[in-house]
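A short reminder: the numbers here are calculations on the coordinates, not readings from a lab. No experiment lies behind these values; they were computed from the predicted model shown. No Cβ is skipped: glycine too gets one built from the backbone with ideal geometry, and neighbour counts run over all protein chains shown.
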Amino acid sequence: MGEFKVHRVRFFDYMPSGIRALAFNRDIERIAVARMDGSVEVFHCSDRFFQEKIIPGREQCGIEGLSWVGERLFSAGLNGGITEYDLTNQKVKYTIDAYGGPIWTIAGNQQGTHLAVGCEDGTVKLFEVNEDKIQFERNLDRQKSRIISLSWHPSGSKIAAGMMDMIQIFNVETGHSVHRLLADRGVGTSRSKECVVWSVVYLSDGTIISGDSVGMVKLWDDQTGTLIKSHNVTKCDVLALSVSQNEDSLVAGTSEGTVVQFQFISMVLGKDDKEWVRTRTFKNHTHDIRAVAEITTAVVSGGMDAQLVVRPLLDKVEVRSAASALRKIHFPHRRLVSCARKSGLMLFQYPGHLELWRLGESEGKGSSLFVKRNPEKLLHLKVKGEDHIRCSAVSPCGEWIVYSTASKLRENTLHGLKHFLFLFFQISKLPMVLSSANQLCFSSDSSHLFSASAQSSVHIASLSQSGCKFVGTLKPKSGSHQAIHLLAASEDGKWLASANSDHEVHIYNLQTRKAHCTVPVYSSAVTAMGIHPTTNCLFMMYADQQMCEYSIEQKQYTDWSRTVQRKGLHRFWMERDTPCLNVMFNPQNPSHVILHDTYMLCIIDQSLPLPDDKTQFYNQLTLKSLPEEQRKSHSHAFKVCKTFKDILCVELMSDQSLVVVERPLEDVASQLPAPIKQKKFAT
Amino acid sequence: MSELTLQFESSDDELPEEVAFDASKSVALKSVKDALDAAKREKNLLKEKRRKKQQLFQEQKKRKLLPQELLEEFDTKPQKQTDLSANKGIYKKVSTKPSHNNKVKEQETGTMPKKTPKSLPVSYRVMRIKDESAAKTLQQRATDFVQSRLYGPGTKRTTNAELLSLKKKRGASQGAAVEFANKKLGACKKARIKRSNKRFIRQQKLIPF
């Protein structure tokens, strides 16, 4: 099967940023996640929570809230502006200033006509949602303290606003405050501080539910303006609330990292008098939970520990399958590391800068080799401007680096890398047409750069000593205009494959610069793809853990792929909950395909038989213990290695060594913001 | 008065001298007139003082102000435009300079186009954004508010190292606290402690040479 020398890389100090807001869109089954660094990600809830779109953020963004209006996504933040996102091209469409100071919250009404924002100056501003833009309509009555949270009544006639120490109910038509509900400050030291009502929810029967900084979830009646019931959930703050669509279940997220569920049920079975009762507690986080969302079958929560946790509610789930297990998403579903295979260099993509490292050298034999020369950092490239990096790539020869932010594309040449004491650096001017790229890829001989841009098209630029020249554009014959998130070039330089967010995979002929064919659309998104160096077959991995192989020259699925589809994949393979992010081939063994996901590394041998459900899947250790003759009969195509954990990237270098970039989660956890002190028994 | 007492003391038995009514009347009147005169003089003195001060202030004010013509020119202009546009938000950054000095500077330099200066309400001030370097922006203040409510005084927060150490203590495979097991954590702090230990030992000469 093969022995590999493995470079275990742990010097990529990638820090995911905390989650600030969640917004669920029931109609298209997507959930939008806003992070503290201003980036917005869209996950597809029914496609194993694959991260479909990423819109990078910028410095000093301070995003505070997200809201869907139909299929459009809006956000508001502390910089005082409301932003609409162009989800087709994965970038910001426009930002308008609300002129109210920092905005704390944004909420759209159920009818989809208006957006309300709560500002620092105490006003609730109403914006009318038009077809292409939003327009300021009017202010509701200005209050004395800042508006921290907002909720529309489902009919759209009233708004409940959570402020400091109180909740105000506004009549939207007149703009006047109808009721003022006073939240009390609690006992002890919290008496001197104002009580902040972090979150409110307005139900259709007139009940208002609020979560505040004292740790209480309170139920209010809006007709009389009085408190109905108050539940003491925690000693610290209740930061987020979310109610399900049929208003029978509410989840509250606290500062301690617990999610508490309340359900609208009757205390005595059979009787009709229902009330809100605290039912379940989920403790899946270690740090503050800043946002929760109640999707009918699951509870999604996210906070300062930067992981998105999906907890299915088992009473709503019909079939117990892989989709109904607890899912934690730590790392993005895009590649942040690119390797220059021929020269042993690696490029790490951080939000604000790039780092280029040279791998170290080792000598000796055994399972852990002695490091002769340490890995060294060759380049630290900071981005000009405030935008974060969207994608980056290093050419296989190691002489070109290209990166793209939301607004521009920059390319640098590196000469003289062999003499690593002296680095000569030159920035080459890019042709105007290459403005911003969603994905970047170099050809295998480093002569061309492919950049995926708007309208699902790919620009080609040729690279030479003198610089970079725009050569042509590849456009698909038909299909959607969604942004491309994956590009793969063949080794011989003849073919290019592109995958976009609408699950379409187009293959282009680079010699004629025309579209060659399209792979049949599958219901799940493509997470990784690669073109085989000799047979020119496109190997694709999907988000639901299916795989298929498509022959480019014959324009059809290969026989091996049809066998896999017919036989089905092993249960353990399908139950993995993280997507495969890279597909590689071994030139020495043409029948091998190397894949990896966050917790395992796998080599698929296409010449061996496929495992059926009864065979042992993880059989590497048993095979080791068997004598040579018996191994052949017991081995199957999937060889899984679980030595490495929290893998960000695996690459096969041209000298047959594997590079495994790991980011241990304990190292991430040690650099997060401070958690709440909790007293545990026997500590 | 002393004369009378002396006279009285010289001879107790003799009759008091006859003092003419007129003489005493004139003395009394004189004393009254003296008193009135003194009061008047004092009043006049104060008046003089006040007048002098007033003059001094007038002079100072005159020195500060500009020639009469320019002031007359202003008085006619502001009467034309008294209303402000309604859309000015409350966060219009305004400075502490008095408003008419600003207008004066504009007229003096002559480089500004002849705009009709609008009169602002009393509570508004005009400021330059360049001068705001020391003051915090609104966004920064809002972020500080959230930070102080979640992480500021009054909240019970602990460190990540403690959280991870407790997990290890109660976990399936129990181990030492994270600061001891993980070499990278707090490396600079450990290095500093080691250096200060060395310095102490050298100082106290605990290890003989």
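The figures follow:
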{"quantity": "Label-point gap, in nm, between B:Leu29 and A:Lys642 - each point 7 angstrom along Cα→Cβ", "calculated": "13.1"}
{"quantity": "Relative contact order for segment B:161-209, counting Cα pairs under 8 Å that sit 6 or more residues apart, in percent", "calculated": "21"}
{"quantity": "Highest-first arrangement of A:154-161, A:587-594, where packing means the average Cβ count within 10 Å", "calculated": "A:154-161, A:587-594"}
{"quantity": "Charge-dipole axis of segment B:161-209 as Lys and Arg at +1 and Asp and Glu at -1 on Cβ define it, positive-most pick from B:Gln203, B:Gly175, B:Ala187", "calculated": "B:Gln203"}
{"quantity": "Distance in nm between pseudo-label sites at A:Val178 and B:Asp13 (7 Å out along the Cβ direction from Cα)", "calculated": "11.5"}
{"quantity": "Rounded D (µm²/s) - the protein assembly as shown, Kirkwood Rh over Cα pairs, Stokes-Einstein at 10 °C, 1.306 mPa s", "calculated": "48"}
{"quantity": "For segment B:161-209, radius of gyration divided by Kirkwood radius, i.e. Rg to Rh on alpha-carbons", "calculated": "1.23"}
{"quantity": "Backbone HN-Hα couplings from phi across segment A:483-494 [Karplus 6.51/-1.76/1.60, Hz, Gly and Pro as x]", "calculated": "6, 7, 10, 9, 9, 9, 10, 7, 5, 7, x, 9"}
{"quantity": "Segment A:293-374: GluC sites (Glu not before Pro) falling in loop per DSSP and having at most 12 other Cβ within 10 Å", "calculated": "A:Glu318"}
{"quantity": "For B:152-162, mean number of other protein chain Cβ atoms within 10 Å", "calculated": "5"}
{"quantity": "Phi to ³J(HN,Hα) by Karplus 6.51 cos²θ - 1.76 cosθ + 1.60 over segment A:93-99, Hz, x for Gly, Pro", "calculated": "7, 7, 10, 10, 8, 8, 6"}
{"quantity": "Ellipticity estimate at 222 nm from DSSP helix runs (n ≥ 4, -39,500 (n - 2.57)) divided over the protein assembly as shown, nearest 500", "calculated": "-5000 deg cm²/dmol"}
{"quantity": "Coil-residue chymotrypsin sites (Phe, Trp or Tyr not before Pro) of segment A:113-165, DSSP, other Cβ within 10 Å capped at 15", "calculated": "none"}
{"quantity": "In segment A:571-671, the trypsin sites (Lys or Arg not before Pro) that fall in loop regions by DSSP, at most 13 other Cβ within 10 Å", "calculated": "A:Lys614, A:Lys642, A:Lys645"}
{"quantity": "Potential extension, B:Met127-B:Tyr151 segment - 0.36 nm per residue separation minus Cα distance", "calculated": "5.3 nm"}
{"quantity": "Residue-averaged beta-carbon neighbours from other chains (10 angstrom radius) around B:164-175", "calculated": "2"}
{"quantity": "Shielding of A:96-109 by partner chains, average beta-carbon count, 10 Å", "calculated": "2"}
{"quantity": "Simple Cβ-charge dipole of segment B:161-209, Lys/Arg +1 and Asp/Glu -1, about Cα centre, in debye nearest 20", "calculated": "240"}
{"quantity": "For segment A:332-344, 3J(HN,Hα) per residue [Karplus equation, 6.51 cos²θ - 1.76 cosθ + 1.60, θ = phi - 60°, Hz, x = Gly/Pro]", "calculated": "x, 8, 10, 7, 9, 10, 10, 10, 8, 5, 7, 10, x"}
{"quantity": "Length released on extending from A:Thr683 to A:Met15, taking residue separation times 0.36 nm less the Cα-Cα span", "calculated": "237.5 nm"}
{"quantity": "Point-to-point label distance, B:Phe74-A:Asp445, nm (Cα→Cβ direction, 7 Å offset)", "calculated": "7.9"}
{"quantity": "A:Tyr94 long-range amide H proximity, modeled H, under 5 Å", "calculated": "A:Glu84"}
